[in-house]
Protein chains: 2
Amino acid sequence: MVKTSVDMFEEKLISRDQALLRIDPELLEQLLHPSLDPANTVAPIATGLPASPGAAAGKCVFDADLAEKLGNAGEKIILVREETRPEDIHGFFAAEGILTSRGGKTSHAAVVARGMGKPCVAGAEGIVVDVHLRLAHVGDAVLREGDVITLDGATGMVYPGAIPTIKAHFPEELKTLLGWADEIADLKVMANADTPDAARVAREYGAMGIGLCRTERMFNASDRLPIVIDMILADTEEERQLALDRLLPIQRSDFVDLFSVMSPDPVTVRLLDPPMHEFLPTEQQLLEQIETLRLYRNVVRGRQTALSSFDLPTELPKPFDDLSEEHVNEALLKKERMLKKVRELQEVNPMLGHRGVRLGIAYPEIYAMQIRAILEATVECANQGISVTPEIMVPQVITSQELAKVKVTVDELTEKLEKDFGKKLKFKFGTMIETVRACTRASQLAANVEFFSFGTNDLTQAVFSFSREDAENKFLPMYNETGILQDNPFEVLDVYGVGQLIEMAVERGRATRKDLKIGICGEQGGHPESIRFCHRVGLSYVSCSGPRVPIARLAAANAKLLEA
Amino acid sequence: MVKTSVDMFEEKLISRDQALLRIDPELLEQLLHPSLDPANTVAPIATGLPASPGAAAGKCVFDADLAEKLGNAGEKIILVREETRPEDIHGFFAAEGILTSRGGKTSHAAVVARGMGKPCVAGAEGIVVDVHLRLAHVGDAVLREGDVITLDGATGMVYPGAIPTIKAHFPEELKTLLGWADEIADLKVMANADTPDAARVAREYGAMGIGLCRTERMFNASDRLPIVIDMILADTEEERQLALDRLLPIQRSDFVDLFSVMSPDPVTVRLLDPPMHEFLPTEQQLLEQIETLRLYRNVVRGRQTALSSFDLPTELPKPFDDLSEEHVNEALLKKERMLKKVRELQEVNPMLGHRGVRLGIAYPEIYAMQIRAILEATVECANQGISVTPEIMVPQVITSQELAKVKVTVDELTEKLEKDFGKKLKFKFGTMIETVRACTRASQLAANVEFFSFGTNDLTQAVFSFSREDAENKFLPMYNETGILQDNPFEVLDVYGVGQLIEMAVERGRATRKDLKIGICGEQGGHPESIRFCHRVGLSYVSCSGPRVPIARLAAANAKLLEA
């Protein structure tokens, strides 16, 4: 279809516009991910939610550490977990695909996999993972670590063995077509990307910048997480500052890389958003780890025979045989501090809890470190002759007073750096619009910022009073089946609720600041129907996961072509 | 002040209006609750949140069962818990006041205590309650069951021993003054009340009806909860219907009582709202109960000496000495089913989860039972010559399709009952407006209903993306101290965010249905500043907890007097 459209244009049978309009943007999805061979006749062993498209086969592995080890050794693996957490991130990098038995389309596994363009089947409830025995029960069958399975992220099916897949391809004709689309569209298409690798992928898909870089993803790499945990466990501001001082050069160098890859296009960096407990293990995990450590202390004391290495806490220095009781006690003490902190940080509704700018106000030194890293990276790039356009973005804002407080830090650091640097720093300061109150207060917020970015995942949750994870697991399917809701509002922007608040915010924001740059960085930003809405209400850009960028580019052009 | 105002009017020194305007409505609070003797010099032993006003002294009791037993025996007791849950409700009835070590001003303890007009200190974090040892640690001191303490719900202070309190009084002059207020005000003042007792109290305070009856509160009494749990544990619709058939006559008789007390004024009954897991013990509690039962089985088998009676699960038939192993096994089986259900119902953000009308759509037979109970009670009252005005209210609505589904049930049952009864049934059908989407869709919703009632607690949570419990415990105090927010939006209605959505909904709702009755039943409904707002935007009524009704009556009159 893509090919014939471009051919027909070249033969002057149709116009460029007609060539573009012939293609349904959603159909590009098939071209951009590997898919299961349609000739397959093997029956699935389990079904979950189609959480990230694509198909992949590999050996089951039940923890991220082993996944990383085998992946680095060149094995194709599928990470199989009950649910994933930020500390599993190295397992994602190593895996071909991700399978979880709990969580919805917004679960950690689903969102991270989509961002990386890897297939994911989430919430496959028939699968019971037993990490300790290194196996998973699937109905009556048993899946052992090392058994090969195939995931189809487009349907949510899980197959035994390696089913042949058809490779994705990005033909020349598609590049031509999308080049035309970019010329026509009013909306720019940016990508959500958190690492230089993801940014490079986004570039290949034609992203015109990064609309959302989630800095917390940078905190999760295995060399950083221990520092982040030290920061969280800190009892005093001084202790916290020590940990932040260690994070600063790491974040700065991340930003230098990211800005360089995207140069000269904008990179929008969101300051820390998730609640702190997301960086810590769960209470249950900690209780188990403490129990294991206590047992292991008996081994070290010679009272008991050694445990299997799978049960050993990863924090203990290796090799295990050299461990002294002191090592174990130290690890125990740390775990107990973590447990205390986890209980302290516990929240009834974490989605509506101590997160976003609320964290930045409570711990200004965290935001200060991040802002400094962004600005210093800007200087460093400039010194290397790399032209960059960073944007600093504040999450979860409800009132302009919050922005004013963060802006004081930005202004102070800018002044200091510009003095040393001898030149003006070029960057933008902006805010997420993801609470309902931010929409009603948009004219006040616009006085403090140069751009808005709608976080439509959170905004949808707030407008519907639906927790996405709970809704998709419990009642949203029923609402769709009985016709109460036509679509999943987390996939297709809800024009009558969320859309009205977006229109309100656009109108009020631009009334204060006519040239306000306004975009959307929620997941709906990659969906053609939602893109048509974004075009209609006059947004400046949409931002979506890298692999959806081509779909968004075509949809943005079609929205423009269809408006007449 | 109240007395001199009325005197001055009678001496013709001031007008009625001037007499009313001389009194700050908030000052009435002092008159309406007992307060601590200002001469007290005893130092507090702990401090929590002032969660429900008033002062009370009594013996500490650490569980609701014992509280009920001692309370019924005429002892003055204070219920002391880590946090309270619906199944503690009988302990509230028996207690003079409630003290918890966890939870905010919207915690179960706080809301229930306020509704009952009993003092409550919530989230007194220095107190560590040990139910098993029957004591509480307060810093270095120990509070044993039976020790006398005094709570001051106005300040959040907890004192050792019995501190003298000054009784509340409702002087004749105040009644006169409030009578004038009622004549002047446009806004009617209703009460939130869930039981005939609470309704009687509300009547004494001058409530003009019940604006919010939370039916789930009726489910929590100790004779009903086991039936509700059977309903939740039901695996089939038939099993669930069996439990509902047992609940129907109980709910019907509740409504007959409630309607009779308030006759002929309206009683607005909200259909089931909270997520089902709120009726079950927590996972942790169940794990402990199962452990206790297993140990107890050993006692029954004669393998172990008897446990203290305090540790015995309340579900076992008494006296314990007659128990057979079979009894224990049966109880165990039930607990294990409950544990399975609790895990199944677990939610990440219960505030945004499977609750309200989402439950009514998933389990239509539950709403059908409640609607039938309301309508049959209406018939029964009519047959007794009691004039009643029931109103059926649907919670958590986001779209008119939900209302349409519930209305089908209402219409079917009405038709059937009217046929038997031979007369038209007089009642209203309406919806809570407590999601943001309900505000944007108000013109569509109004087509299906005769009244709106703003649930401003939930609406505030949605507009701010604040979970009240988490916010008040974690960051709201900081936001107030640093001036980011002037008020606690859960106490004083946020005019710039929540208020704008209310205005939108009022305008859109009345555009569809000019005579739409519109009220507010969130906690802000009892606060003078919020009442001024409600008057200004043209609401028909406010509804607040019984003890705040006099304050609201005066505030409603003052709002009218000040509008010129």
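The values are calculated or read from the model by the stated rules, or taken from the named source; none is laboratory data. Quantities reported herein were computed from a predicted structural model and do not represent experimental measurements. Please note: Cβ atoms are built from the backbone with ideal geometry, for glycine as well, and neighbour counts cover all protein chains shown. For accessibility, only protein heavy atoms count, side chains too; no ligands or nucleic acids. Shrake-Rupley method; radii C 1.70, N 1.55, O 1.52, S 1.80 Å.
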Taking A:Ala447 as the residue in question, decide whether it is more than 9 Å from every other protein chain (Cβ to nearest Cβ), farther than 24 Å from B:Gln444 by Cβ, of a type in the set (A, V, I, L, M, F, W, C) and buried (at least 23 other Cβ atoms within 10 Å of the Cβ).
no
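Give me a count of the residues in the stretch B:133-151 that are more than 22 Å from B:Leu70 (Cα to Cα) and either surrounded by 17 or more Cβ atoms within 10 Å (Cβ to Cβ) or of a type outside the set (D, E, K, R) (or both). So that I can check it myself, show each step before the final result.
Looking only at the stretch B:133-151, we keep the residues that are more than 22 Å from B:Leu70 (Cα to Cα), and these are B:137-141.
Cutting the leftovers down to either surrounded by 17 or more Cβ atoms within 10 Å (Cβ to Cβ) or of a type outside the set (D, E, K, R) (or both) gives us B:137-139, B:141.
Of the residues in that region, 4 qualify.
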Residue count for the stretch B:248-277, restricted to those that are surrounded by 18 or more Cβ atoms within 10 Å (Cβ to Cβ), acidic (Asp, Glu) and part of a helix (DSSP H, G or I)
1
Tell me which residues, restricted to the stretch B:133-148, are among the hydrophobic types (A, V, I, L, M, F, W, C) and part of a loop (DSSP other than H, G, I, E, B).
B:Leu133
Return the residues of the stretch A:516-564 that are in contact with a Gly (Cβ under 9 Å, 6 or more places away or on another chain), aliphatic (A, V, I, L, M) and outside any helix (DSSP H, G or I); say none if nothing qualifies.
A:Leu516, A:Ile518, A:Ile520, A:Val537, A:Leu539, A:Val542
Given (1) assigned to a loop (DSSP other than H, G, I, E, B); (2) touching a residue at least 40 places away in the same chain (Cβ under 8 Å); (3) over 20 Å from the mean Cα position of the chain (by Cα), B:Ala19 misses just (1)
Count of the stretch B:28-70 residues which are crowded, with 22+ Cβ neighbours inside 10 Å and in a helix (DSSP H, G or I):
4
In the stretch A:234-247, which residues are part of a helix (DSSP H, G or I) and either open to solvent by 20 Å² or more (accessible area, probe 1.4 Å) or in contact with a Cys (Cβ under 9 Å, 6 or more places away or on another chain) (or both)?
A:Glu237, A:Glu238, A:Glu239, A:Arg240, A:Gln241, A:Leu242, A:Asp245, A:Arg246
Kindly provide the set of residues from the stretch B:351-360 that are at the interface with another protein chain (Cβ under 7 Å from one of its Cβ atoms) and not basic (Lys, Arg), ordered by number.
B:Met351, B:Leu352, B:Gly353, B:His354
May I ask you to list the residues in the stretch A:534-558 that are surrounded by fewer than 23 Cβ atoms within 10 Å (Cβ to Cβ) and not basic (Lys, Arg)?
A:His535, A:Val537, A:Gly538, A:Ser540
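In the stretch B:459-473, what count of residues is obtained for those that are modelled with pLDDT of 95 or more, more than 7 Å from chain A (Cβ to nearest Cβ) and in contact with a Ser or Thr (Cβ under 8 Å, 6 or more places away or on another chain)? Lay out the reasoning, then the answer.
Here is the first cut: in the stretch B:459-473, the residues modelled with pLDDT of 95 or more are B:459-466.
Now drop any that are not more than 7 Å from chain A (Cβ to nearest Cβ), which leaves B:459-460.
Now narrow it down to the ones that are in contact with a Ser or Thr (Cβ under 8 Å, 6 or more places away or on another chain): B:459.
Looking only at that region, the number is 1.
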Exactly one condition in (1) touching a residue at least 12 places away in the same chain (Cβ under 8 Å); (2) open to solvent by 30 Å² or more (accessible area, probe 1.4 Å); (3) within 12 Å of chain A (Cβ to nearest Cβ) is not met by B:Leu476; state its number.
(2)
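For every residue, the table says whether it meets (1) in contact with a Cys (Cβ under 7 Å, 6 or more places away or on another chain); (2) under 30 Å from B:Met190 (Cβ atoms).
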position: B:Leu32; (1), (2): no, yes
position: B:Ser52; (1), (2): yes, yes
position: B:Ile77; (1), (2): no, no
position: B:Arg85; (1), (2): no, yes
position: B:Ala94; (1), (2): no, yes
position: B:Gly104; (1), (2): no, yes
position: B:Val121; (1), (2): no, yes
position: B:Val128; (1), (2): no, no
position: B:Val142; (1), (2): no, no
Would you confirm whether any residue within the stretch A:392-407 is away from chain B (no Cβ under 14 Å), in contact with a Ser or Thr (Cβ under 9 Å, 6 or more places away or on another chain) and either closer than 23 Å to A:Asn192 by Cβ or open to solvent by less than 20 Å² (accessible area, probe 1.4 Å) (or both)?
yes
State the number of residues belonging to the stretch B:86-110 that are open to solvent by 30 Å² or more (accessible area, probe 1.4 Å) and in a helix (DSSP H, G or I).
3
Within the stretch A:149-197, the residues that are assigned to a helix (DSSP H, G or I) and in contact with a Ser or Thr (Cβ under 9 Å, 6 or more places away or on another chain) are A:Glu173, A:Leu177, A:Pro196
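Could you list all residues from the stretch A:479-497 that are more than 8 Å from chain B (Cβ to nearest Cβ), of a type outside the set (S, T, N, Q) and either within 15 Å of B:Arg441 (Cβ to Cβ) or open to solvent by 20 Å² or more (accessible area, probe 1.4 Å) (or both)?
Filtering the stretch A:479-497 for residues more than 8 Å from chain B (Cβ to nearest Cβ) gives A:480-481, A:486-493, A:495.
This time we only want the ones that are of a type outside the set (S, T, N, Q), so: A:481, A:487, A:489-493, A:495.
If the condition is that a residue be more than 8 Å from chain B (Cβ to nearest Cβ), of a type outside the set (S, T, N, Q) and either within 15 Å of B:Arg441 (Cβ to Cβ) or open to solvent by 20 Å² or more (accessible area, probe 1.4 Å) (or both), then A:Glu481, A:Asp487, A:Pro489, A:Glu491, A:Val492, A:Val495 are the ones that fit.
Can you tell me which residue among B:Gly58, B:Gly117, B:Gly126 is small (Gly, Ala, Ser), in contact (Cβ under 8 Å) with a residue 40 or more places away in the chain and under 26 Å from B:Cys521 (Cα atoms)?
Details: B:Gly58 fails: under 26 Å from B:Cys521 (Cα atoms); B:Gly126 fails: under 26 Å from B:Cys521 (Cα atoms).
Selected residue: B:Gly117, the only one of B:Gly58, B:Gly117, B:Gly126 that is small (Gly, Ala, Ser), in contact (Cβ under 8 Å) with a residue 40 or more places away in the chain and under 26 Å from B:Cys521 (Cα atoms).
Out of all the residues in the stretch A:450-464, is one or more over 26 Å from the mean Cα position of the chain (by Cα) and over 28 Å from A:Thr84 (Cα atoms)?
no
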Specify the residue that is most open to solvent (accessible area, probe 1.4 Å); the eligible residues are those in the stretch A:112-132 that are assigned to a loop (DSSP other than H, G, I, E, B) and over 14 Å from A:Ala95 (Cβ atoms).
A:Glu125
Kindly indicate the residue of the stretch A:498-525 that is of a type in the set (S, T, N, Q) and surrounded by fewer than 23 Cβ atoms within 10 Å (Cβ to Cβ) and also nearest to the other protein chains (Cβ to nearest Cβ) among those meeting that condition.
A:Gln500
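In the stretch A:152-179, which residues are without any contact (Cβ under 8 Å) to a residue 60 or more places away in the chain and open to solvent by 50 Å² or more (accessible area, probe 1.4 Å)? Lay out the reasoning, then the answer.
Of the residues in the stretch A:152-179, the ones without any contact (Cβ under 8 Å) to a residue 60 or more places away in the chain are A:172, A:175, A:179.
Matches in the stretch A:152-179: A:Glu172, A:Lys175.
If you take the residues of the stretch A:368-425 that are acidic (Asp, Glu) and over 28 Å from the mean Cα position of the chain (by Cα), which of them is farthest from B:Ala471 (Cα to Cα)? Outline the logic, then answer.
Of all residues in the stretch A:368-425, those acidic (Asp, Glu) come to A:376, A:380, A:391, A:402, A:411-412, A:415, A:418, A:420.
In the following step, the residues that additionally are over 28 Å from the mean Cα position of the chain (by Cα) were identified as A:411-412, A:415, A:418, A:420.
Values: A:Asp411: 29, A:Glu412: 29, A:Glu415: 34, A:Glu418: 38, A:Asp420: 41 Å.
For the stretch A:368-425, the residue satisfying everything is A:Asp420.
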Selection within the stretch A:284-336 - at pLDDT 75 or above, open to solvent by less than 60 Å² (accessible area, probe 1.4 Å) and of a type in the set (A, V, I, L, M, F, W, C):
A:Leu286, A:Ile290, A:Leu293, A:Val299, A:Val300, A:Val328, A:Ala331, A:Leu332
From the option list A:Ile163, A:Ile127, single residue qualifying as more than 23 Å from A:Glu288 (Cβ to Cβ) and over 15 Å from the mean Cα position of the chain (by Cα) is A:Ile163
Any chance the stretch B:378-389 includes a residue that's within 21 Å of B:Pro274 (Cα to Cα), part of a helix (DSSP H, G or I) and open to solvent by 10 Å² or more (accessible area, probe 1.4 Å)?
no
Within the stretch A:154-179, residues within 27 Å of A:Ala555 (Cα to Cα) and of a type in the set (Gly, Ala, Ser) come out as A:Ala154, A:Gly156, A:Ala168, A:Gly179
